[in-house]
Amino acid sequence: MSESMSVHPEVVTTHDVHHDEHGGGHHKETFISKYIFSMDHKTIGKQFLITGIIWAIVGGLFSVLFRLQLGYPDQSFPILETFFGHWAKGGQIQPEFYYALVTMHGTVLVFFVLTAGLSGTFANILIPLQIGARDMASPMLNMLSYWFFFLASVIMMSSLFIQTGPAAGGWTIYPPLSALGQASQGSKLGMDLWLVSMAMFIVSSLLGGLNYISTILNMRTKGMSMTRMPLTIWAMFFTAVLGVLSFPVLLSGAILLLFDRNLGTSFFLSDIVVNGEVLPNEGGSAILFQHLFWFLGHPEVYIILLPAMGMVSEIMSVNSRKPIFGYMAMLGSLFAIAILAFLVWAHHMFVTGLNPFLGSIFVLLTLLIAVPSAIKVFNWLTTLWRGNIRFTPAMLFAIGFVSLFISGGLTGIFLGNSTIDIHLHDTMFVVAHFHIVMGVASFFGMFAGVYHWFPKMFGRYLNSTLGYIHFWVTMVGAYLIFWPMHYEGLAGMPRRYLDKSGWVSFNQFGDLDKMITVVSIIVFAVQLMFVFNFFYSIFKGRKVTTQNPWGANTLEWTTPIRPGHGNWVGEIPEVHRWPYDYGKDGRDFIPQTEPIGANESKH
Amino acid sequence: MSTHFDPTQHISSSAAYPEVSFYEHTDDATFKKKVRKTTILLSVITIIELAIGLAIYTIHKGENPSALLVLMFKGAVCILTLAKAYYIVSVFMHLGDEIRNMIMTIVVPLMLFIWFIIAFIADGNSYKNLRNKYDKHFQESTMPAKHHSAEEKPADAGGKQ
Amino acid sequence: MATTANVHQTKWWSGGKSPFNMEYGKLMMWYFLMSDAFTFGAFLISYGSIRFSQNFWPDPNVVFNAFPGAGHANLPLAFVSVMTFILIISSVTMVLAVHAGHKGDKQAVVKWLAWTIVGGLAFLSCQAWEWHHLITGEHATLIDGQIKMVGQTTAVNPWGDLASASAVADALKNTSHETLVQLISSHDHSFSHEQLAGMSQEKLMSMVNAADLHIRENGPVAFGGYFYGITGFHGFHVFSGVVINIVMLIMTQKDIFQKRGHYLMIEKAGLYWHFVDLVWVFVFLCFYLI
């Protein structure tokens, strides 16, 4: 009869009980179960973070190498030959090497650092802590999510060391170049490894995303209604939704591309002649791959950016000692961005032969993104306005994020118009635009998050002096590197070219390119300093002595300084208010766990 | 009583007053009846679909096949398929018995398919037109000849311009 | 007034319970299926995009007209309708298995799960036969000015437009002896294969009449790639569904769900199985009906 009805609530409770056991800490944990195959969301988050840091060093190093080529195209660096052998014959970066570097720089930073390293880290660490859950909905799948990411990392890393080198067709791996081994060195085994690695990565992101969504929906503590969640959690939620719905489309594209490469199908190939050889493939469409790629590729931009937005909102409110301005507007604009992210993909393809009329619809949809973006920017600025600002390193990075988001976002309006895009497409202008708005800005969000939640992660502080140096050099450096690229791009300088010295018109930019290269080396060195700060502080940093060092309202600061598996000792606290009651009724802050007072004012 | 700002007030009323529709089978007989009804319905729709498929085949075989008629039949099959999908999801997968918000979280993201399909198909079609215009070899080698209109025409009447 | 509103709000969304009254595993299964729907959706939409970019596309009624044991009889859509019904029926047995699980009726769960597995295996066998038939069943096709016997693969498609009689007559001159023998023996049964093989090229040429041959040109090759790619991916899902169901069957037999007090795992496996059926509905539409 109604047995099935009683089953459901029961299951929910057994699940809680199961986690309570963890909270009690009856388990005997070995080194392996605690640090390697850990099912604790905090440890998994740290695993993502540290793997992401390693990848960031690799990806950053690649950019330094190809910047050397771009800044000093005629110079010989014998040390490069020592390390890279025939890839840098005579101390000069060879074309194949250059393309491999550019491709892997993009792949590594977009997917492995800013997707897995950013949302993997902070979704894992923050979701259960900020919504008041003992752990993720399924700790087991959460662990698998990391290990699939690890597997993807191993495969991608191994592709760097094979004879023919890694994939080299650009991070967007457009066929036919990427589909034909005979077309380029980088389209041989390296490309297969790239595709397999990405398939593993997609599995990882799917397992993670499903977990984040069901945790946020199902595991909130009592009183934590959806609109009492910190904006970080909302951002992670939309990020996960974007990932769950868009990554499978890339998976389809990758599978079809693998078939084209290895089984002789013609999904993306038609009318091709390579080295004088006419290929039998016909009937495919290379534009189709671009559609499939960018159906993921554009949401991917927001997968990278939204977590940074969420963390910046939270950090900015905490350190301004003011409620976030326009909580519901922030939430609504996150939602609007998440929807628009799916509707605008073809603005990456205006000059591919896309139907121009279709293109104009994509222009319209693209420009609509300016609305929610502007709402967010003004809300951040008004949150800062007349705030009691504490300039911690985290806060500086959060403010830097807003600055970068504005300057990078404005150039997006140029590129989103198909007519202007005809001139700007594939120039350094594009490089400047997306590095500022998505690359560096997201990194700033990530740094803000690391500085802010480091005390929660490791029970120690990062060194602030190094933090300030890190911020100022990176901030100034980022603008020095990317701002001049706008001018280069407007003058028509193409991106992805090995050597532009053949064009007289670009000779005027020779010194500018040298300056960019020098600054990028300095900025890279400062990031290494941050990495040093990170690992040094894990072991030797100043210890956290109070439970709530930043005076924040959210739930993670009600846990012990070094929370065990299960997060809270005893009961999970109940939530009575939204997380942004700062500077209210003459009180500096009122934690979410505090019941509403009788005479409390409205805000 | 409380003057505290509760942002939940601003969510839609459907969130505040969910319809309590539990996953509930009142009794065996009703359930079995529902399953039987759905099975018969699915079978009938499938048979109609097959009949339409064969009708398209005969139209193609006949003299002067009407592209419009074929297109209409194809549209009908698409609608019938959506009906089938609806019954499978709502009855077999019990989505119809879930809380309305849950249904919405499944149905709303599926709306993305609308633009997904329109844009991909429109661009595929435009690719064909561009090639027919600028790639004469493509047009001559792939355009179906007119000399035997009695036999099969391109199945894809929708792609015709 | 505000308080009554709050009572209702705290009921579902205020935390401490699932707003959907659904345990997390089922929720994850639903959203996984959403994700998988986008994978299949991307495949099918790519197929649509390619199809719209072609001037000609084969009529499925012409391609899928064979039935096991029926020889060369023209039975359009017959076999695939059998496959479709197998999948629908296996979906029904899965519903009954899930229902039995809700009642905690172990024997019924085992019975219906077993039938579902049988249905899944039957479907896979049908698909294997269909693929085998399409790949190995050779058709005389006009390719590059000569007639060749080809099957449906990812590189060749024998279902193009009907070739004109004059083109066929020209092509016959360039056609190999072996192909001519095959061509004649498939229409004319008055000679044995050996007899035909012994005849000269000229003799064979005189025996065929280009006008009666109904030879097709090479069709769009993307047809094969998408057909095998998408039905293969669907078949892979059916296969994994069968494996999942077998695991469920073993777990049921070992009383694991009985001890757990609920059969929710069966329900999740059921969702997956119905999804496989659901995808087939669309594959059926895109490849066989329109």
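The values are calculated or read from the model by the stated rules, or taken from the named source; none is laboratory data. Since this is a predicted model, take the numbers as computed values, not measurements. Counting neighbours? That spans all protein chains shown, and the Cβs are built from the backbone with ideal geometry, glycine included. Accessible surface areas use protein heavy atoms only, side chains included; no ligands, DNA or RNA. Shrake-Rupley method; radii C 1.70, N 1.55, O 1.52, S 1.80 Å.
Structural remarks
- Qualifying position, being open to solvent by 40 Å² or more (accessible area, probe 1.4 Å) and either more than 30 Å from A:Glu282 (Cβ to Cβ) or at pLDDT 90 or above (or both), among C:Thr39, C:Thr4, C:Thr116, C:Thr84: C:Thr4
- Only one entry in A:Phe247, A:Phe259, A:Phe267 is open to solvent by less than 10 Å² (accessible area, probe 1.4 Å) and facing chain C (nearest Cβ under 7 Å), namely A:Phe267.
- Odd one out for C:Lys106, checked against (1) touching a residue at least 60 places away in the same chain (Cβ under 8 Å); (2) within 11 Å of chain B (Cβ to nearest Cβ); (3) out of contact with any Gly (no Cβ under 6 Å at 6 or more places or on another chain): (2)
- Every residue from segment C:17-44 that is in a helix (DSSP H, G or I), free of Cβ contacts under 8 Å to residues at least 12 places away in the same chain and facing chain B (nearest Cβ under 9 Å): C:Leu27, C:Tyr31, C:Met34, C:Phe38, C:Gly41, C:Ala42
- Between B:Ile40, B:Ile56, B:Ile79, B:Ile47, the distinction of being at pLDDT 75 or above, β-branched (Val, Ile, Thr) and open to solvent by less than 80 Å² (accessible area, probe 1.4 Å) belongs to B:Ile56 only.
- Whichever residue in segment A:462-514 is of a type in the set (Gly, Ala, Ser) and not in a helix (DSSP H, G or I) and, among such residues, is least open to solvent (accessible area, probe 1.4 Å): A:Gly492
- Of the residues contained in segment C:197-205, one or more are found to be open to solvent by less than 40 Å² (accessible area, probe 1.4 Å), within 21 Å of C:Ile143 (Cβ to Cβ) and in contact (Cβ under 8 Å) with a residue 12 or more places away in the chain.
- Filtered residue count, segment A:270-298, keeping only those that are surrounded by 19 or more Cβ atoms within 10 Å (Cβ to Cβ) and outside any helix (DSSP H, G or I): 6
- Consider segment B:82-111 and keep the residues that are outside any helix (DSSP H, G or I) and free of Cβ contacts under 8 Å to residues at least 60 places away in the same chain. The one that is most open to solvent (accessible area, probe 1.4 Å) is B:Met111.
- Sole residue being within 13 Å of chain B (Cβ to nearest Cβ), in contact with a helix residue (DSSP H, G or I) (Cβ under 6 Å, 6 or more places away or on another chain) and over 15 Å from C:Met29 (Cβ atoms), chosen from C:Leu285, C:Leu271, C:Leu278: C:Leu285
- Screening segment C:45-64 for residues that are under 15 Å from the mean Cα position of the chain (by Cα) and within 9 Å of another protein chain (Cβ to nearest Cβ) and picking the one that is nearest to A:Ser252 (Cα to Cα) gives C:Pro60.
- The residues listed here are A:Phe391, A:Phe357; of these, the one that is aromatic (Phe, Trp, Tyr) and either open to solvent by less than 20 Å² (accessible area, probe 1.4 Å) or not in a loop (DSSP other than H, G, I, E, B) (or both) is A:Phe357.
- The residue of segment A:222-238 that is farthest from A:Asn142 (Cα to Cα), among those that are open to solvent by 10 Å² or more (accessible area, probe 1.4 Å) and in a helix (DSSP H, G or I), is A:Arg228.
- Matching residues, segment B:117-126, being more than 12 Å from A:Val344 (Cβ to Cβ) and surrounded by 15 or more Cβ atoms within 10 Å (Cβ to Cβ): B:Ile117, B:Phe120, B:Ile121, B:Ala122, B:Asp123, B:Gly124, B:Asn125, B:Ser126
- Among (1) surrounded by 24 or more Cβ atoms within 10 Å (Cβ to Cβ); (2) within 24 Å of the chain's Cα centre (by Cα); (3) not polar (S, T, N, Q), the one test that A:Leu193 misses: (1)
- Test set (1) open to solvent by 30 Å² or more (accessible area, probe 1.4 Å); (2) at pLDDT 90 or above - B:Ser66 fails condition number: (2)
- Output for segment C:125-156, where each listed residue is of a type outside the set (D, E, K, R), crowded, with 17+ Cβ neighbours inside 10 Å and under 13 Å from the mean Cα position of the chain (by Cα): C:Cys126, C:Gln127, C:Leu134
- Taken together, the residues in segment A:270-300 that are within 7 Å of another protein chain (Cβ to nearest Cβ) and within 19 Å of A:Asp192 (Cα to Cα) amount to 1.
- Condition met for C:Ile266 (at pLDDT below 95, of a type outside the set (Ser, Thr, Tyr) and within 19 Å of C:Gly120 (Cα to Cα)): yes
- From the list B:Ile88, B:Ile45, B:Ile114, the lone residue that is more than 9 Å from every other protein chain (Cβ to nearest Cβ) and closer than 21 Å to C:Ile86 by Cβ is B:Ile45.
- Options A:Leu101, A:Leu114: the member that is touching a Gly at 6+ places or on another chain (Cβ under 8 Å), open to solvent by less than 20 Å² (accessible area, probe 1.4 Å) and modelled with pLDDT of 95 or more: A:Leu114
- Test: residue in segment C:220-233 that is within 14 Å of chain A (Cβ to nearest Cβ), surrounded by fewer than 19 Cβ atoms within 10 Å (Cβ to Cβ), touching a residue at least 24 places away in the same chain (Cβ under 8 Å) and aromatic (Phe, Trp, Tyr): yes
One line per residue, one yes/no per condition, for (1) under 19 Å from A:Val154 (Cα atoms); (2) open to solvent by 20 Å² or more (accessible area, probe 1.4 Å); (3) part of a helix (DSSP H, G or I); (4) touching a residue at least 40 places away in the same chain (Cβ under 8 Å):
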| residue | (1), (2), (3), (4) |
| --- | --- |
| A:Gly45 | yes, no, yes, yes |
| A:Phe48 | yes, no, yes, yes |
| A:Leu61 | yes, yes, yes, yes |
| A:Gln69 | no, no, yes, yes |
| A:Asp74 | no, yes, no, yes |
| A:Thr82 | no, yes, yes, no |
| A:His105 | yes, yes, yes, yes |
